[in-house]
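Down below is the structure, laid out as structure tokens.
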Amino acid sequence: MHPQMPPTYPHTRSSGRSRRPIQGGFPMTKLAITIDLLSMTQDRINTYLHDAKALAYSEVYLVMHVSLFHRGKADESLAKLCATIRQSGFRLHAMITEETFNEVGFNRNDLKPLADLGFRALRLESGFERHDYVVTLTQNTYGILIEDNGLALEDPIGRIKAIQAKGNLKQYSAVHPYYVHPDTGCSYDSCVNRTRLFKSTGIEVGVWVNTLASSSPAFPLAKGCPTIESQRHLSTNLSASELVAMNLFDTLGFGVNPASREEMEDLTRVVSRNVVEVPVYFQPELEPHLKEALLQMRFKARSDSAAQILRAVQFRQHAAIQPFNTINRDRLSLTIDNHLAGPYEGEMQIALKNLPSTPYTNVIGQVDLTAGKLVDLLQAGKINFVLIEQS
């Protein structure tokens, strides 16, 4: 069926909010970057830190290598970088494997060498399977937070119980791994279930947002550095929107693949506004004034989730809407009820499955197919969203 010509909307009343610029200050959800001295040039590191500071990032993860130490002491390049990061106001995290920890000569009973370098958190990579070992680390007297390897733990319940019994739970959190090798990331369900386990006992959890700007020396054949495999080919904007919509994580960051300035801006914007962005394509014939009003509006799905559509009522009675393009509603079709729907006129909807046409519903566009998971997450009605037009 060919689209019908649209009517005009002389009575459109826009009370939606415009897209806000990035504001200063730190958002409640912490933002992080990762730096690897052995794979990034000094100029790239300096630019990365400058951009992170300007965009309200507060956490810097530093990858630890044995070659950065000599007889247990940091070499000049590492010591200088740690000082720069600390003086810039970031909280510094050491990312370290158990093998590197032992080979450098660190002592689980005394983290003073790490504290002296300015580290305020220790992110445990591979190894560290013994509960008593990690319990001791959480008892350090330097206030160093121990960040466990979230999803990679073989016995997370045993770990939590051990720390509750003998460790310091106030100095313990979890950060899920990032995965640079394609097809190796975790499933959505495993990430959610493990995160909820930690959160149920008050433990903060961090996760990694995808970036497509660069590849990793660990796997130079492909880009993408997410925690969740289904996000590997998503933009940072969409990856971040999904993670924010999950409403589970205390820290969102970029893993070992450096993000671009634009990707960093996308993450800051989504987190600081606490509003996720749904990419859409509008019908070319849609009246520009109505389209602009919809783009300015903040939506939120009804909490009594409909079985077949996502319903957002915020635009009801904001415009006089005549029937237009009342065609079949394919999955992820963007629709709006016209005046034939009476008091529902202006209700914006997204089809969750293929649905037939109705005379009272106009199909005005299509959600980008890559945002299907995001739409499912928004259906719970717990977070605001805006429409972002794609070219």
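Just so you know, all these numbers are worked out from the coordinates, no wet-lab data involved. What you see is a predicted model, and the numbers here were worked out from it, not measured in a lab. Cβ: placed from backbone, ideal geometry, glycine included. Neighbour counts: every protein chain shown.
What to note about this one:
- Here the scattering of the chain is modelled by Debye summation over its C-alpha atoms, one equal scatterer each and no solvent; at q = 0.07, 0.11, 0.12 Å⁻¹ the log10 of I(q)/I(0) is -0.39, -0.81, -0.92.
- Euclidean distance of C-alpha centroids, the stretch 116-149 and the stretch 51-74, integer Å: 16 Å
- FRET efficiency, 1/(1 + (r/R0)^6) with R0 25 Å, evaluated for T141 and L248 via beta carbons: 0.20
- Every helix of 4 or more DSSP H residues in the chain counts as -39500 (n - 2.57), and over all residues that averages to -8000 deg cm²/dmol at 222 nm.
- One Cα centroid belongs to the stretch 165-189, the other to the stretch 366-391; the line between them spans 26 Å.
- Shape of the stretch 326-382, Cα gyration tensor, a/c cut at 1.5: oblate
- Prolate/oblate/rounded label for the stretch 234-388 (Cα gyration tensor, a/c 1.5): prolate
- Computed FRET value (nearest 0.05) for D110 with D376, which takes r as the C-beta separation and R₀ as 35 Å: 0.15
- For K382, a cut-off of 26 angstrom between C-alpha atoms picks up these lysines, skipping any fewer than 8 places away in its own chain: K30, K199, K291, K300, K353, K373.
- Antiparallel DSSP beta bridges within the stretch 141-267, percent to nearest 5: 15 percent
- Directionally averaged projected area (convex hull, Cα atoms, the stretch 137-235), nm²: 7.2 nm²
- Point-to-point label distance, H50-R331, nm (Cα→Cβ direction, 7 Å offset): 4.6 nm
- Loop-located trypsin sites (Lys or Arg not before Pro) in the stretch 342-385 (DSSP state not H, G, I, E or B) with no more than 16 neighbouring Cβ atoms inside 10 Å: K353, K382.
- Peptides ranked, highest mean first, by Cβ atoms within 10 Å: ranges 266-279, 89-102, 64-77: 266-279, 89-102, 64-77
- Near A301, once Lys and Arg are set to +1 and Asp and Glu to -1 for all other residues with Cβ below 13 Å from its Cβ, the sum equals +2.
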